[in-house]
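Undergrad: Please see the structure below; I have some questions.
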Amino acid sequence: MMKTTLGIILFVLAGLALAQAPAPVGNAEAAKSKISMCVGCHGIPDYKTAYPHVYHVPMITGQQPVYLFNALQAYKSGARSHPSMRGIAQSLSDQDMADLAAYYSSEPK
């Protein structure tokens, strides 16, 4: 029963992802005025945070732009849960997310 329910949920989510409009084209230069909310955690090598629990904060430089954009969308919608990231993502427009994704994907790891 649980596998069937999970399968249906994944099928619906996949359909929704395919039905969405393509992400806007990001502008890495425009993101430079938007990264201050990111660097406090993601810009510190080997940084760990204690909220909501202790964990290693991932470095996001060098990630694929579509991955970064989709992750921000998922935080905004609540599909991914992290209180700080959800709050930040909810303040971003789709263009902001695309700009940040372009910026961080163009930065070396």
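Undergrad: For Ala89, indicate whether it is touching a Leu at 6+ places or on another chain (Cβ under 7 Å), modelled with pLDDT of 95 or more and over 20 Å from Lys109 (Cβ atoms).
TA: Details: touching a Leu at 6+ places or on another chain (Cβ under 7 Å): yes; modelled with pLDDT of 95 or more: yes; over 20 Å from Lys109 (Cβ atoms): yes.
Considered against the rule, which asks whether it is touching a Leu at 6+ places or on another chain (Cβ under 7 Å), modelled with pLDDT of 95 or more and over 20 Å from Lys109 (Cβ atoms), Ala89 comes out as yes.
Undergrad: Now, a different point. Quick one: how many residues across region 88-109 are under 15 Å from Tyr75 (Cβ atoms) and among the polar types (S, T, N, Q)?
TA: 3
Yes/no matrix, rows are residues, columns are (1) under 23 Å from Ala23 (Cα atoms); (2) in contact (Cβ under 8 Å) with a residue 12 or more places away in the chain; (3) surrounded by 15 or more Cβ atoms within 10 Å (Cβ to Cβ); (4) within 13 Å of the chain's Cα centre (by Cα):
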| residue | (1), (2), (3), (4) |
| --- | --- |
| Cys41 | no, yes, yes, no |
| Tyr47 | no, no, no, no |
| Pro52 | no, yes, no, no |
| Tyr55 | no, no, no, no |
| Gly62 | yes, yes, no, no |
| Pro65 | yes, yes, yes, yes |
| Arg80 | yes, no, yes, yes |
| Ala98 | yes, yes, yes, yes |
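Undergrad: Working only within region 82-93, note down all residues that are buried (at least 16 other Cβ atoms within 10 Å of the Cβ) and within 19 Å of Glu29 (Cα to Cα).
TA: Result: Leu92, single match.
The values are calculated or read from the model by the stated rules, or taken from the named source; none is laboratory data. Bear in mind that the values here come from a model prediction, so they are computed numbers and not experimental data. Reconstructed Cβ throughout: ideal geometry from the backbone, glycine too, with neighbour counts over all protein chains shown.
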